[in-house]
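First the structure, then my questions, so here it is.
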């Protein structure tokens, strides 16, 4: 592996032999992340509204945080709920002990993983911290989220995966 970029992410040019041929590929070393399907007592799901400079637009996404501290994957999302959503630890009624789903963020280029937890919280007003990147936190009915997906307002992959996972879990 040859390091070709060393910034927030690292990018490597790689080679390997397979069946007598040299294959060349690029690896993007992404930090993993933890995200939450956050459901309140009314059965509504939390989405955060935040500006994404790479896209040049505001998005609606499930709360998530990068695994950039020396704490557990579960602690990362608990910390993010407080920072991004104003949901305090004592407002969490239940959280899955382990992720209910883990997948590779960019399977063909990276081994960084997204860990999705199921989290039930008290129904109350939430306000993100003023210094954070989140503009708004709002809880939506399942039907509202489905409509936002159909209208292509929600396009974030982790949010789409989380929504359909939750919808599937709910129907069981």
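Shape of segment 72-172 from its Cα gyration tensor (a ≥ b ≥ c, root eigenvalues): rounded if a/c is under 1.5, otherwise prolate when a/b > b/c, or oblate? Let's see the in-between values first.
Numbers: a/c = 1.34, a/b = 1.14, b/c = 1.17.
Judged from the Cα gyration tensor, segment 72-172 comes out rounded (a/c under 1.5).
Before anything else, pin down the relative contact order of the chain: Cα pairs under 8 Å, at least 6 apart, normalised by residue count, whole percent.
On the way: 332 pairs, mean separation 42.2, N = 172.
That works out to 25 percent.
At 7 Å along Cα-to-Cβ for each site, give me the label-to-label distance between residue 150 and residue 88 in nm.
Distance between label points: 4.0 nm.
In whole angstrom, how long is each semi-axis of the equivalent ellipsoid of segment 8-100, when you take the square root of 5 times every eigenvalue of its Cα gyration tensor and sort them from largest down? Before the final figure, lay out each step's value.
On the way: eigenvalues 241, 59, 32 Å².
Working from the Cα gyration tensor, I get semi-axes of 35, 17, 13 Å.
Can you sort 34, 110, 147 by how many other beta carbons sit within 10 Å, fewest first? Intermediate values should be presented prior to the final figure.
Numbers: 34 26, 110 18, 147 13.
Exposure proxy ranking, most exposed first: 147, 110, 34.
For the residues 19, 13, 6, what sequence is obtained by ranking on other C-beta atoms within 10 Å, fewest first? Mind dumping the intermediate values first?
Numbers: 19 5, 13 13, 6 10.
Ordered by Cβ neighbours within 10 Å, fewest first: 19, 6, 13.
Where does the chain land at 222 nm, in deg cm²/dmol rounded to the nearest 500, when only DSSP H runs of n ≥ 4 count, each adding -39500 (n - 2.57), divided by all residues? Don't skip to the end; give the middle numbers.
Working: 3 runs with 32 residues, N = 172.
Helix-only estimate at 222 nm: -5500 deg cm²/dmol.
Can you give the direction-averaged projected area of the convex hull of the alpha-carbon atoms in the chain, in nm²?
Details: hull surface 50.2 nm².
Approximately 12.6 nm², given one-decimal rounding.
Once you've got the GNM for the chain with C-alpha springs shorter than 10 Å, pick whichever of 16, 89, 52 has the biggest mean-square fluctuation.
Among 16, 89, 52, the largest mean-square fluctuation in the Gaussian network model of the chain belongs to 16.
Further question: What spacing in nm lies between the two simple spin-label points modelled at residue 72 and residue 160, each 7 Å away from Cα in the Cβ direction?
Here the modelled spin labels are 3.2 nm apart.
Computed from the coordinates by the stated procedures, all read-outs in this text should not be read as laboratory data. Quick caveat, the model's predicted, so the values are computed rather than measured. Note: ideal-geometry Cβ built from the backbone for every residue, glycine included; neighbour counts use all protein chains shown.
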